Amino acid sequence: MSLMAAKMVENPGRINAPFAIFFRFCLWTNDPRNATREDMRLPFDISPDQPVLIAGPTASGKSALALQIAEAQGGVIVNADALQVFENWRILTARPSEADEARAHHVLYGHVPGEAQYSVGHWLRDVTPYLTGSQRPIIVGGTGLYFTALTEGLVEIPETPAEIRALGDQRRLMEGGHAGLLAELDAEDPITAAKIDRLNPMRVQRAWEVLRATGRGLADWQADTPRPALPLSACFPIVMDADRDWLNERIARRFGMMLDQGALNEARANLASWDPALPSAKAIGAPELIAHLRGEMTLSEAKEAATIATRQYAKRQRTWFRARMKAYHKISLP
């Protein structure tokens, strides 16, 4: 008896027993010759009719898992990574390769010009048509805020004017911290002041900015949060819980592969229009490679700095996922 048949006999009541045996996932898919493929066993079943969410830190194999699910069961793979939306960074943001895109339908990858502003509100509007389309969505990415907005709802607060943000930055600098901003919140918007992380200067400044810009407290805005576009109960949520050392080793190998695949040439193509204030400039490794091209560091130094930045980013992702995605089905890696 085959392994698949044996699993079906052992688990006759499972929704999709054959599908739950294993997937193969890879470290890097832009060139099959460089791909490192490994077995991933899923301890649960996924209905082919149910929307799937796959969150995880960078380099954890989530995109390859989404591709395997799409090939095995069908579905459209929808990007939920704030950096992979930009057209000007394909290699450096680890967007799916053209070969991978030919294997399954992918959307919301590289559809935003590099010079454009793009927020979670933009993404939520872009993803909405795919929630009710003919193909069930397989939503995959590393931007936790996108998943939160999708499954918990998002209230769109008017953008803070640049002059108010600049004033907040100036006050924190001149006053030696955010105590003054917090004191004003305590006096004028005590409900918000009681809810936010009072020790986090950026959270305090954000709440202060909203109050100054709109005349309305952040908590009041949040009370008007609309119903979620895709409640967690209506989908199958997965989060990749990667071991730190295992993930760090993959990150180091992957950045080397990115350089082999032409990441430096990609940075060179962005050099003339480089603007560190743009959202697309937050692509991990981009500032370091641009600095190398400007003669400010060696390629070896840029590679090391970019690897460290990626590890720090992955750490922040893991912290978010563990705090905010406790209800997700966890895949522990390796």
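Laboratory data are not the source of any read-out in this text; all were calculated from the coordinates shown. Since we're looking at a predicted model, the values are computed, not measured. Don't worry about glycine lacking a Cβ; one is built from the backbone with ideal geometry, like all the others, and counts go over all protein chains shown.
Some observations on this one:
- Phi-derived couplings, Karplus 6.51 cos²θ - 1.76 cosθ + 1.60 at θ = phi - 60°, listed residue by residue for segment 132-139: 10, x, 6, 10, 5, x, 10, 9 Hz, with x used for Gly and Pro.
- Label separation (Glu249 vs Arg103): 2.3 nm, computed from points 7 Å beyond Cα along the C-beta direction.
- Calculated on the Cα set of segment 91-173, radius of gyration then Dmax: 16.8, 52 Å.
- Residue order for Arg227, Arg206, Arg294, Arg250, fewest other beta carbons within 10 angstrom first, comes to Arg227, Arg294, Arg206, Arg250.
- With the simple spin-label model, which puts each label point 7 Å out from Cα in the Cβ direction, the His329 to Ala183 separation comes to 5.3 nm.
- Residues with amide H under 5 Å from that of Val76, placed H, sequence gap 5 or more: Arg136, Ile138
- Model label points for Glu296 and Ala234, set 7 angstrom from Cα along the Cα-to-Cβ axis, are 4.5 nm apart.
- Volume of the convex hull of the chain (Cα atoms only), normalised per residue: 156 Å³.
- With the cut-off at under 17 Å, measuring from each backbone N in segment 304-334 to a point 7 Å along the Cα-to-Cβ line of Asn200 picks out 313-326.
- Dipole moment magnitude, nearest 20 debye, the chain about Cα centre, only Lys, Arg, Asp, Glu C-beta charged: 800
- Residue order, fewest to most surrounding Cβ atoms within 10 angstrom, among Leu53, Leu230: Leu230, Leu53
- Residue-averaged 222 nm ellipticity for the chain, from DSSP H runs of 4+ at -39500 (n - 2.57), nearest 500: -13500 deg cm²/dmol
- Scattering curve values for segment 211-265, log₁₀ I(q)/I(0), Debye with Cα scatterers, q = 0.15, 0.29 Å⁻¹: -0.77, -1.10
- For segment 162-222, convex hull of alpha carbons as volume per residue, Å³: 68
- Couplings 3J(HN,Hα) for segment 219-236, derived from phi with the Karplus relation 6.51 cos²θ - 1.76 cosθ + 1.60 (θ = phi - 60°), are 4, 5, 4, 5, 5, 9, 4, x, 4, x, 5, 9, x, 4, 5, 9, 9, 10 Hz, where x marks Gly and Pro.
- The chain - percent relative contact order, Cα under 8 Å, separation 6 or more: 21
- Given R0 = 35 Å, the distance between the Cβ atoms of Thr214 and Lys315 translates into a calculated FRET efficiency of 0.55.
- Formal net charge of residues neighbouring Asn79 (Cβ-Cβ distance under 13 Å; K, R +1; D, E -1): -2
- Computed from phi, the 3J(HN,Hα) profile of segment 64-76 under the Karplus parametrisation 6.51, -1.76, 1.60 (θ = phi - 60°) reads 5, 5, 4, 5, 5, 5, 4, 5, 7, 10, x, x, 9 Hz, with x in place of Gly and Pro.
- Förster-model FRET efficiency, 35 Å R0, Gln135 and Thr225, C-beta, rounded to 0.05: 0.80
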